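*Asks:* Here it is: the structure, laid out below.
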Amino acid sequence: MDEIMIRAKDLSMMFNLGIDKGFSLKQGFVDLFDPKKKKQDKSKNDFWALQDVSFEVKRGEVIGFVGCNGAGKSTLLKIVAGVYKPTKGTIETFGNVCPMIELGAGFDMDLSASENVYLNGAVMGYSEEFIKSKYQEIVDFSELHDFMDVPVKNFSSGMSARLAFSVATIVDPEILIVDEILSVGDAAFQSKSEEKMLSMINGGTTVLYVSHSVESILKLCTGVIWLDHGHIVKAGEPEEVCREYLASLGQSL
């Protein structure tokens, strides 16, 4: 029996858009004598990013997610990673999770690249001894040898991505969550990152992968889920799902 690594059941995620103006004494006084304000439905600000999303992922599978901006892809990955708690439904993961979402978001911009390696490693649960043993490997992969003493605030977005990716992939996790990270940096780094991901996949890592590059999805994924406005439109073989997704956009595979 194939081992289940991720199980999502009826996942729904609601955000409040906060369209209403902030409260003030003056605004409260105006609202008090305005019957329309009293009856105004506050739920109009509720936005359901995901609704009743269910799926299972088995060990070693690479599941890609496609959909237009606002489809709910990144929200879903953040729920699986534990960044968000779903409004409704359940998510179960069976194994250690490495989320590569918004690379570099955890950096302290005033610290040097070297200091951020240790900071990020600590956040990911690695010991100082382990980071020391992997430090040169991280530097070599990032190719930032001459910049490790430079504050990260002086880095370009591509340099920050190199550093963050290098720290995030020093171990092969059981579950890898990837959100558009292969689109950052220069062409050479993108190719290098893809090779690293492929080696992790070949090693049995289970992957959830979001990308707007259908070519990348077809190359890496064993299955694809198409999301639209928070709902699953179709799930199945990569070529079939991607073909239908592109057709909905007036494009061809």
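The values are calculated or read from the model by the stated rules, or taken from the named source; none is laboratory data. Bear in mind the structure is a predicted one, so any value in this text is a computation, not a measurement. Cβ placement follows ideal geometry from the backbone for every residue including glycine, while neighbour counts extend to all protein chains displayed.
*Asks:* Return a yes/no flag: does the range 127-134 have any residue that is in contact with a helix residue (DSSP H, G or I) (Cβ under 6 Å, 6 or more places away or on another chain), in contact (Cβ under 8 Å) with a residue 60 or more places away in the chain and among the β-branched types (Val, Ile, Thr).
*Replies:* Within the range 127-134 (the criterion being in contact with a helix residue (DSSP H, G or I) (Cβ under 6 Å, 6 or more places away or on another chain), in contact (Cβ under 8 Å) with a residue 60 or more places away in the chain and among the β-branched types (Val, Ile, Thr)), the answer is no, since none of the residues qualifies.
*Asks:* So which of Val167, Val178, Val152, Val139 is farther than 29 Å from Val57 by Cα, aliphatic (A, V, I, L, M) and surrounded by 20 or more Cβ atoms within 10 Å (Cβ to Cβ)?
*Replies:* The conditions single out Val152.
*Asks:* Which of (1) over 27 Å from Gly95 (Cα atoms); (2) outside any helix (DSSP H, G or I) does Phe189 not meet, given it meets every other one?
*Replies:* Failing condition for Phe189: (2).
To keep it simple, each residue is scored yes or no on (1) of a type outside the set (S, T, N, Q); (2) within 23 Å of Lys134 (Cβ to Cβ).
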site	(1), (2)
Val167	yes, yes
Val171	yes, yes
Glu180	yes, no
Ser191	no, yes
Gly203	yes, yes
Leu220	yes, no
Tyr245	yes, no
Gly250	yes, no
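*Asks:* Out of all the residues in the range 217-234, which are in contact with a helix residue (DSSP H, G or I) (Cβ under 9 Å, 6 or more places away or on another chain), closer than 17 Å to Ser74 by Cα and surrounded by fewer than 20 Cβ atoms within 10 Å (Cβ to Cβ)?
*Replies:* Passing the criteria: Asp228, Val233.
*Asks:* Something else: Can you name the number of the only condition in (1) polar (S, T, N, Q); (2) out of contact with any helix residue (DSSP H, G or I) (no Cβ under 9 Å at 6 or more places or on another chain); (3) free of Cβ contacts under 8 Å to residues at least 40 places away in the same chain that Thr206 fails?
*Replies:* (3)
*Asks:* Answer yes or no as to whether Val83 is surrounded by 14 or more Cβ atoms within 10 Å (Cβ to Cβ), at pLDDT below 95 and closer than 28 Å to Gly203 by Cα.
*Replies:* yes
*Asks:* Being assigned to a strand (DSSP E or B) and of a type in the set (A, V, I, L, M) is the filter; apply it to the range 206-216 and report the residue that is surrounded by the most Cβ atoms within 10 Å (Cβ to Cβ).
*Replies:* The residue in question is Leu208.
*Asks:* Still on this structure, I have one more. Among the candidates Lys134, Lys88, Lys73, Lys78, which residue alone is of a type in the set (D, E, K, R) and exposed (fewer than 15 other Cβ atoms within 10 Å of the Cβ)?
*Replies:* Lys88
*Asks:* Right, next: Look through the range 141-161, keep the residues that are more than 16 Å from Leu119 (Cα to Cα) and charged (D, E, K, R), and return whichever of them is modelled with the lowest pLDDT.
*Replies:* Top of the filtered list is Glu143.
*Asks:* Check the range 153-165 and report whether any residue there is over 24 Å from Glu194 (Cβ atoms) and of a type in the set (A, V, I, L, M).
*Replies:* For the range 153-165, residues over 24 Å from Glu194 (Cβ atoms) and of a type in the set (A, V, I, L, M): absent.
*Asks:* With the range 37-152 as the region, which helices (runs of 4 or more DSSP H) entirely inside it contain at least 2 residues that are more than 17 Å from the chain's Cα centre (by Cα)?
*Replies:* So the answer is 113-123, 128-142.
*Asks:* Need pairs with beta-carbon distance below 7 Å; first residue part of a helix (DSSP H, G or I) and within the range 231-246, second among the basic types (Lys, Arg) and modelled with pLDDT of 95 or more; sequence gap 6+ or separate chains.
*Replies:* Within 7 Å, the pairs are Val241/Lys234; Glu244/Lys234.
*Asks:* Additional query: Can you name the residue in the range 205-234 that is touching a Lys or Arg at 6+ places or on another chain (Cβ under 7 Å) and not aliphatic (A, V, I, L, M) and, of all such residues, is nearest to Asp10 (Cα to Cα)?
*Replies:* Among residues in the range 205-234 that are touching a Lys or Arg at 6+ places or on another chain (Cβ under 7 Å) and not aliphatic (A, V, I, L, M), the one nearest to Asp10 (Cα to Cα) is Trp226.
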